[in-house]
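Reading through the structure tokens given below for one structure.
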Ligand SMILES: [Zn+2]
Ligand SMILES: [Zn+2]
């Protein structure tokens with residue numbers, strides 16, 4: 001079948017993206033779903049900083065590729081062997097497919113699934129399928145999703161069935177922003193009731209972490225960024241304190257507020273100085289969690305001696321350490337009960353044609369979550 005899709009053919013194009021147009025809207029061809037795969041009509045897809053990192057070359061991927069990894073839609077056709085999804089079901093995509101049988105999946109670490117990671121790196125679906133074409137040319141899948149398109153073929157293992165009463169433009173947010181941000185705090189960071197939490201980098205994922213820290217019972221939620229508007233947003237969303245991390249005495253400010261350093265610092269800015277700042281703001285024995293993804297060549301300047309002598313912990317968190325099919329329905333129920341107001345992350349609803357302008361807005365820091373309605 002044919003579908004309109006946003007295709008990336010060249011990384012590192014100049015800005016503004018509204019002029020260089022790194023994503024071209026093309027008619028691609030989709031093969032029918034293979035064994036274990038599902039054809040989904042995409043109804044909403046969010047613009048995430050990780051898409052931007054592929055556009056600007058920080059996170060290189062094979063090209064040409066249909067980008068987009070935060071999406072929700074409706075099942076149109078199921079391939080052979082898919083017995084637990086039906087036509088008409090509503091689904092949220094996960095950008096880390098989990099095979100269910102590797103050592104990581106069996107030990108509850110689905111985000112680390114080995115075949116899933118290999119498929120994502122290669123730009124094909126779990127199981128090896130490549131279902132996207134443009135004429136004679138094969139087009140790569142973006143981490144098992146390729147959500148910036150009217151339709152997508154995905155592995156069943158990339159999909160979670162959801163409550164059909166949830167609007168698609170809200171549902172999409174659960175695939176990346178909510179899982180990554182909330183999970184970094186409550187899963188990987190193991191937040192305990194009454195702790196102090198610092199969140200560094202207030203994009204969609206960071207602000208989801210602010211919501212997660214509030215929902216998870218932190219006594220203090222200190223939000224830090226270099227952008228004054230984002231600090232205002234964090235305050236409005238319930239952060240107890242905001243800090244401009246560009247201030248010379250920013251570390252001292254956090255220590256003063258938290259009484260010597262936070263229990264848990266989380267970092268989502270994706271640059272080394274932000275992670276170093278987060279680490280310095282923890283108390284002795286404190287934990288730092290990062291979900292930022294800087295360029296693979298970036299290295300940190302952190303003192304191993306302080307890690308040892310002060311028993312500090314530094315942890316990475318991918319997909320918030322979640323098992324999506326378990327955790328997404330739980331977070332959706334919290335949203336529906338008014339306890340995880342993730343709709344507040346949404347600042348723009350746009351069309352597929354406006355995608356380049358949307359990424360320019362994201363690059364300028366003038367948007368939190370923008371969702372394409374499809
Ligand atoms: Zn993302
Ligand atoms: Zn696995």
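Over all distinct Cα-Cα pairs of the chain, the Kirkwood formula returns a hydrodynamic radius of 20.7 Å. Taking the chain as a Gaussian network of alpha-carbon nodes connected by springs under 10 Å, the highest mean-square fluctuation of the residues 297, 247, 51 belongs to 297. Each stretch of four or more DSSP H residues adds -39500 (n - 2.57); spread over every residue of the chain, this sum gives -7000 deg cm²/dmol at 222 nm. The length gained on full extension between residue 74 and residue 122, counted as 0.36 nm times the residue separation minus their Cα-Cα distance, comes to 14.7 nm. DSSP beta bridges fully contained in the chain are about 55 percent antiparallel. Of the residues 281, 102, 48, which exhibits the maximal mean-square fluctuation in a Gaussian network model of the chain defined by a 10 Å Cα contact cut-off? Of 281, 102, 48, the most mobile in the Gaussian network model is 102.
Taking every alpha-carbon pair under 8 Å whose residues sit at least 6 apart, the chain reaches a relative contact order of 18 percent. Using a Gaussian network for the chain with springs between C-alpha atoms less than 10 Å apart, which of these wobbles most: 213, 121, 71? For the chain, modelled as a Gaussian network with Cα springs under 10 Å, the answer is 121.
Each of 17, 140 has some number of other Cβ atoms within 10 Å of its Cβ, and from fewest to most they run 140, 17. Sorting 166, 179 from the fewest to the most surrounding beta carbons within 10 angstrom yields 166, 179. Full extension of the chain between residue 310 and residue 101 gives 71.4 nm of extra length, using 0.36 nm per residue less the Cα-Cα distance.
Per-residue packing, averaged as other Cβ atoms within 10 Å, sorts the ranges 124-136, 148-160 into the order 148-160, 124-136, beginning with the highest. The simple Förster model, with R0 at 41 Å and r as the Cβ-Cβ distance, assigns residue 35 and residue 351 a FRET efficiency of 0.75. Going by the alpha-carbon gyration tensor, a ≥ b ≥ c the square roots of its eigenvalues, is the stretch 42-182 rounded (a/c under 1.5) or, if a/c is not under 1.5, prolate (a/b greater than b/c) versus oblate? Verdict is rounded for the stretch 42-182. Quick one: Cα convex hull volume of the stretch 31-71, Å³ per residue? About 98 Å³ per residue, rounded to a whole number.
Can you figure out the FRET efficiency of residue 366 with residue 114, using R₀ = 41 Å and their beta-carbon distance, to the nearest 0.05? The value I calculate is 0.60. In units of the rule-of-thumb radius 2.2 N^0.38 Å, the stretch 241-374 shows an alpha carbon radius of gyration of 1.27.
Can you bin the stretch 181-317 into rounded, prolate or oblate? Criterion: square roots of the alpha carbon gyration tensor eigenvalues sorted a ≥ b ≥ c, rounded for a/c under 1.5, prolate for a/b above b/c, oblate for the rest.
It comes out rounded by the Cα gyration axes.
Length gained on full extension, residue 20 to residue 63, computed as 0.36 nm times the residue gap minus the Cα-Cα distance: 13.8 nm.
Just so you know, all these numbers are worked out from the coordinates, no wet-lab data involved. Since we're looking at a predicted model, the values are computed, not measured. Note that we place each Cβ from the backbone using ideal geometry, even for glycine, and neighbour counts take in every protein chain shown.
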